[in-house]
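Since the structure comes first, as structure tokens, the remarks are kept for the end.
The values are calculated or read from the model by the stated rules, or taken from the named source; none is laboratory data. Quick caveat: nothing in here was measured; it's all calculated off a predicted structure. Ideal geometry is used to build each Cβ from the backbone, glycine not excepted, and the neighbour counts take in all protein chains shown. Heavy atoms of the whole protein, side chains included, go into the accessibility calculation; ligands, DNA and RNA do not. Shrake-Rupley method; radii C 1.70, N 1.55, O 1.52, S 1.80 Å.
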Amino acid sequence: MTTMTEEQKQIVKSTAPILKEHGKEITSIFYKKMFAAHPELLNYFNLTNQEIGTQPLALANTVYLAAENIEQLEVLLPQVKTIAHKHRSLTIKAEHYPIVGEYLLKGIAEYLGDAATPELLDAWGAAYGIIADIFIEVEQEMYDALGDERNRDFIAFKIIEKRQIAPNIFTLNLARNDGSELVDFTPGQYISLRVKLNELFHNRQYSLTKAFDGKSYQVAIKQENEKDPAGVVSNHIFENYEVGDTILATLPAGDFELDKTASSHVFIAGGIGITPIAAMIDSLEAANEAQLIHCVRSKEYAVFAEEFRMKLGAKYHLFSNRYVTKADLVEMVKQGAAIYLCGPVPFMSAVEKILLELGHKQLDIHFEAFQPMLSLIR
């Protein structure tokens, strides 16, 4: 187990503001150097997030927060678990951490130049070692929970149904090729799908959209043609995979889940953010204490609307082609309810701001973001 001296802790804490100010630049250098030396690691990273900068920013924020809290890292356990779920779903293993540490230090050294003294680099090396040990331990527990060794890697699944449910959204139902039992999951979780393009594997996480039935997993995938860059993996799956084809996936992961202590639930979804919420609602035995606010550009994009109406009745609120307002939230979101937000980041930020203004507690608001979570730190 890695340890640090008091002097090293002080060095890290005193230089942590450098990570806050210049972390994205430092981690961008790190990724460039690491991928040049270890191109095989490109198979694990979302190259779109690299291109748009959210992945370097997320890593910088992770390291900065750990450095700032180096004497009380337990306060970061919720963030660690969120990231660890993603790592487990991508099959990141303990042997990858020393490589990351080596090139992170090289990134710091190159960016700081002469200011990167041996003492400073040793201190940051020790800090990274402690952070890595925590991630490795948490992730090993997640791998162990999967049981059979075959469950710990990407698994071949057969597409047993493919259905278009909106102009730009389709569902896939997947069953294991080897006939083994599926692993149960918590509504709100996701699976990682893997495809090969230009000699590299590309991985993306897709939320499970139905409660576990013991037979198959269902995901909903949005074709991304309106963004730059376009949705590399989602579009490839839509254009090239059909019923009967095999696709690689890992077993469910993620920590976006129902608050079991809450007596009432309010779900607020924007666009494709409805996908993890759909499984949560499907899993509810009694829907009398649930409200759904479903925001879409127009009614034809309101996926699963009929299922929601059957389950929730008048407590399903569809907002098509208009924004949800403060007055809407006053009426529909009662104090003390557990609130679940998922959708585009600007949408979630705007709704969260209103909820806090209305007096809802931060602890009652739960998020799922379809980008690295720690890239969202403001």
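Here are a few things to note about the model shown:
- Among the numbered conditions (1) part of a helix (DSSP H, G or I); (2) under 18 Å from the mean Cα position of the chain (by Cα); (3) at pLDDT 90 or above, the only one that T48 does not meet is (3).
- Long-range neighbours under 6 Å by Cβ, at least six apart or interchain, first residue in contact (Cβ under 8 Å) with a residue 24 or more places away in the chain and buried (at least 21 other Cβ atoms within 10 Å of the Cβ) within the stretch 257-276, second among the aliphatic types (A, V, I, L, M) and assigned to a strand (DSSP E or B): H265/A290; H265/A338; V266/I339; F267/L292; I268/I293; I268/L341; T275/A220
- Every listed requirement among (1) over 30 Å from V233 (Cβ atoms); (2) β-branched (V, I, T); (3) in contact with an Asp or Glu (Cβ under 6 Å, 6 or more places away or on another chain) is met by V12 save one, (3).
- Tally of residues being touching a residue at least 24 places away in the same chain (Cβ under 8 Å), open to solvent by 20 Å² or more (accessible area, probe 1.4 Å) and part of a helix (DSSP H, G or I) across the stretch 81-96: 8
- Subset of the stretch 258-269 [at pLDDT below 95 and within 21 Å of V345 (Cβ to Cβ)]: none
- Considering R176, R163, R152, the condition of being in contact (Cβ under 8 Å) with a residue 40 or more places away in the chain and either open to solvent by 60 Å² or more (accessible area, probe 1.4 Å) or within 19 Å of A253 (Cβ to Cβ) (or both) is satisfied by R152 alone.
- If the condition is being open to solvent by 40 Å² or more (accessible area, probe 1.4 Å) and at negative phi, then the stretch 352-363 contributes K353, L356, E357, L358, K361, Q362, L363.
- Inter-residue pairs, beta-carbon under 8 Å, first closer than 16 Å to L251 by Cα and in the stretch 190-202, second open to solvent by 40 Å² or more (accessible area, probe 1.4 Å) and among the aliphatic types (A, V, I, L, M), 6+ apart: L193/L248; R194/L248; V195/L248
- Extreme residue, nearest to R163 (Cα to Cα), among residues of the stretch 214-254 that are at pLDDT 95 or above and charged (D, E, K, R): E242
- Restricting attention to the stretch 324-341, the residues that are closer than 11 Å to I293 by Cβ and either open to solvent by less than 40 Å² (accessible area, probe 1.4 Å) or aromatic (F, W, Y) (or both) total 8.
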